[in-house]
1. Can you name the residue in the stretch B:70-82 that is in contact (Cβ under 8 Å) with a residue 12 or more places away in the chain and surrounded by fewer than 17 Cβ atoms within 10 Å (Cβ to Cβ) and is also nearest to A:A82 (Cα to Cα) among such residues?
2. Can you tell me which residues in the stretch B:52-69 are surrounded by fewer than 14 Cβ atoms within 10 Å (Cβ to Cβ), part of a loop (DSSP other than H, G, I, E, B) and on the phi < 0 side of the Ramachandran plot?
3. Answer with yes or no whether A:A8 is in a helix (DSSP H, G or I) and within 11 Å of DNA strand C (Cβ to nearest atom).
4. Filter the stretch A:46-56 for residues that are over 14 Å from A:E26 (Cα atoms) and not small (G, A, S) and give the result.
5. Any residue at all in the stretch A:87-95 that is away from DNA strand C (no atom under 16 Å from the Cβ) and in contact with a Phe, Trp or Tyr (Cβ under 9 Å, 6 or more places away or on another chain)?
6. Please list, ordered by first then second residue, the pairs with beta carbon atoms under 6 Å, 6 or more apart or interchain, first in the stretch B:30-43 and within 15 Å of DNA strand D (Cβ to nearest atom), second aromatic (F, W, Y).
7. Any idea which of (1) within 8 Å of another protein chain (Cβ to nearest Cβ); (2) away from DNA strand D (no atom under 16 Å from the Cβ) is the one B:R86 doesn't satisfy?
8. Starting from residues that are closer than 21 Å to A:A82 by Cβ and of a type in the set (D, E), keep the ones in the stretch B:5-51 and report whichever is surrounded by the fewest Cβ atoms within 10 Å (Cβ to Cβ).
Protein chains: 2
Amino acid sequence: MAERISGAEHEIMEVLWREAPLTAAEVAERAPAERGWSIRTVKTLLSRLLAKGVLAHEEDGRRYLYRPAVARDDHVARESRALLDRLFGGSVSPLVAHLAERDDLSAEDIAEIEALLKALKP
Amino acid sequence: MAERISGAEHEIMEVLWREAPLTAAEVAERAPAERGWSIRTVKTLLSRLLAKGVLAHEEDGRRYLYRPAVARDDHVARESRALLDRLFGGSVSPLVAHLAERDDLSAEDIAEIEALLKALKP
DNA sequence: CCGAAACGATTACAATCGTAATCGTCAATT
DNA sequence: AATTGACGATTACGATTGTAATCGTTTCGG
């Protein structure tokens, strides 16, 4: 497993992580409108995701019902780790430091993170 | 600008962000050994990065000296933002929450982030 | 019962990527 | 002067990606 998911494929996965199972047509309806995908394109992406093993399908008459075969959380964890490794030596604090330096942290972000961390200590 | 840098290209950029200017041969020497790249491959990647405008070159006799044309910080900021947008609704605290839930935060991480945030307040 | 619509499967095709090899040229060595 | 080696430029080629179109088959509406 641990198959690579491309950008367009990811958008499809987001639809199915939000709601599943769905038919191809339903996925197409729920896909981000700004991509302007034809139903054909959506079906191609669904096939590729099936082939990669990150989607599962069950037959519903002549159609398929698709559902995720990997948890969003697992995927998110892998992607996050990859970014931290690639850009920040593998740990989070440099990321936070970086965002702080670039004034990319709102007061809310700061408050939320502090609350989170406080809750972590017993 | 804002050209897309691929994975292999990124490794080349890391070399030049660390030390520049360098000749193609020097970049090849310093590239991660585990990639096992031939000098040809490194040269191809350098050309592509030049074409994308993220590297600059100056002539040194018959050779080129390469140096970054974009700051690592800017690149890192763009990549980080892209990940936060794609996976966490655009803000950092969900990322931290996610890592915390998955026990992916060491005590050190927590301490460092707290120190960082404390330093941010007036 | 027949034609149209809908499905999944297969095929298409250009762009990017990873990984080079070849080509033409110049310079240093014999 | 002829040869060898190093350089950048150009070309190669299969895999992946984005974005579909076509094909063969089934089903549904008339």
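The values are calculated or read from the model by the stated rules, or taken from the named source; none is laboratory data. The structure presented is a predicted model; accordingly, all values stated were derived computationally and were not measured. Neighbour counts run over all protein chains shown; Cβ positions are idealised from the backbone, glycine included.
1. B:R78
2. Step one: list which residues in the stretch B:52-69 are surrounded by fewer than 14 Cβ atoms within 10 Å (Cβ to Cβ), which gives B:53, B:58-63.
Next cut, part of a loop (DSSP other than H, G, I, E, B) only: B:53, B:61-62.
Passing the criteria: only B:R62.
3. Spelling it out, it is not the case that A:A8 is in a helix (DSSP H, G or I) and within 11 Å of DNA strand C (Cβ to nearest atom).
4. Within the stretch A:46-56, the first condition is being over 14 Å from A:E26 (Cα atoms), and the residues that meet it are A:47-56.
If the condition is that a residue be over 14 Å from A:E26 (Cα atoms) and not small (G, A, S), then A:R48, A:L49, A:L50, A:K52, A:V54, A:L55 are the ones that fit.
5. Taking the stretch A:87-95 as the starting set, the residues that turn out to be away from DNA strand C (no atom under 16 Å from the Cβ) are A:88-95.
Next, from what is left, pick out any that are in contact with a Phe, Trp or Tyr (Cβ under 9 Å, 6 or more places away or on another chain): A:94-95.
Yes; the residues of the stretch A:87-95 include at least one that is away from DNA strand C (no atom under 16 Å from the Cβ) and in contact with a Phe, Trp or Tyr (Cβ under 9 Å, 6 or more places away or on another chain).
6. Close Cβ pairs (under 6 Å, with a partner that is aromatic (F, W, Y)) amount to B:A31/B:W37.
7. Result: B:R86 passes all but (2).
8. This residue is B:E34.
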